[in-house]
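So the structure is just underneath, and the comments pick up after that.
The values are calculated or read from the model by the stated rules, or taken from the named source; none is laboratory data. What you are looking at is a predicted structure, and each value in this text was computed from that prediction instead of being measured. Note that each Cβ is placed from the backbone with ideal geometry, even for glycine, and that neighbours are counted across all protein chains shown.
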Amino acid sequence: MVKIGVLALQGAVREHVKCLTTDETEIITVKRVEQLEELDGLVIPGGESTTMRRLIDKYDFFEPLKDFAKSGKPVFGTCAGAILMAKKIVGQEQGHLEVIDMTVERNAFGRQRESFEAELMVTGVGEDVTAVFIRAPLIKEVGENVEILSKYNEEIVVAREGQFLACSFHPELTDDHRFHHYFIEMVKQAKNNKVVI
Ligand code: GLN
């Protein structure tokens, strides 16, 4: 059994809970800092990264989230969650949690393509993953320790650095739970100390 939290300050929380629920998981919606202590892994959902950052600061989550990441426990960010995890954001002086060595560009598809779906190959997940993009960011650059797990039109949309996983789109908005199961495996392995960090 692993315990996974979904940061519940804003965004698509319920959908993540649904995708993460299996016989082997206990899922918790995280609204208070103390709840982080009991978790084996954490999901940061999509929403609006600047709003979410404001709420993170307002409820004193910033340092506890950084500490959680440093502890070696897996973290999975989707869309705005991925933006929060990036070391660098195009056009901004600073990132937020800065845990993955990557540069993201917010709203990178422009107004013409505010939201759309595509079928993508995601390494370790599947060859036909439906990707729902909603005002999505793109991953423009990654450091040498970052694995690229998926691209859309030559641009990076899924990246992993050790126990950190970031995805531009919204896997929680489909009935296909393979992406979340990939993350659950990361959490199980980290808990059994099989991951070398
Ligand atoms: N455009 C949003 C941002 O910059 C992310 C959108 C999303 O999470 N669906 O934070």
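Candidates in region 104-131 are the residues that are closer than 17 Å to Leu165 by Cβ and of a type in the set (Val, Ile, Thr); of these, the one that is surrounded by the most Cβ atoms within 10 Å (Cβ to Cβ) is Val104. Out of the residues in region 1-12 that are without any contact (Cβ under 8 Å) to a residue 60 or more places away in the chain and out of contact with any Leu (no Cβ under 8 Å at 6 or more places or on another chain), which is surrounded by the fewest Cβ atoms within 10 Å (Cβ to Cβ)? So the residue we want is Met1. If you go through region 122-181 and keep only what is more than 21 Å from Phe109 (Cα to Cα), touching an Asp or Glu at 6+ places or on another chain (Cβ under 7 Å) and either part of a loop (DSSP other than H, G, I, E, B) or within 16 Å of the ligand (Cβ to nearest atom) (or both), you end up with Gly143, Asn145, Val146.
Residues that are within 15 Å of the ligand (Cβ to nearest atom), part of a helix (DSSP H, G or I) and touching a residue at least 40 places away in the same chain (Cβ under 8 Å) within region 27-83 comprise Ser49, Thr51, Met52, Arg53, Leu55, Ile56, Ala80, Gly81, Ala82, Ile83, listed in sequence order. Scanning region 58-90 for residues that are surrounded by fewer than 22 Cβ atoms within 10 Å (Cβ to Cβ) and among the polar types (S, T, N, Q) gives a single hit, Ser71. Among the residues of region 104-118, at least one is under 14 Å from the mean Cα position of the chain (by Cα) and part of a strand (DSSP E or B). The condition of being surrounded by fewer than 19 Cβ atoms within 10 Å (Cβ to Cβ), away from the ligand (no atom under 11 Å from the Cβ) and under 27 Å from Val17 (Cα atoms) holds for only one of Glu98, Glu93, that being Glu98. Quick one: would you say Ile89 is over 14 Å from Cys167 (Cα atoms) and in contact with a Pro (Cβ under 9 Å, 6 or more places away or on another chain)? Spelling it out, Ile89 is indeed over 14 Å from Cys167 (Cα atoms) and in contact with a Pro (Cβ under 9 Å, 6 or more places away or on another chain). So which residues in region 13-26 are out of contact with any strand residue (DSSP E or B) (no Cβ under 8 Å at 6 or more places or on another chain) and either within 12 Å of the ligand (Cβ to nearest atom) or touching a residue at least 60 places away in the same chain (Cβ under 8 Å) (or both)? Result: Glu15, Lys18, Cys19, Thr22. The residues of region 1-23 that are of a type outside the set (A, V, I, L, M, F, W, C) and at pLDDT 95 or above, listed by number, are Lys3, Gly5, Arg14, Glu15, His16, Lys18, Thr21, Thr22, Asp23.
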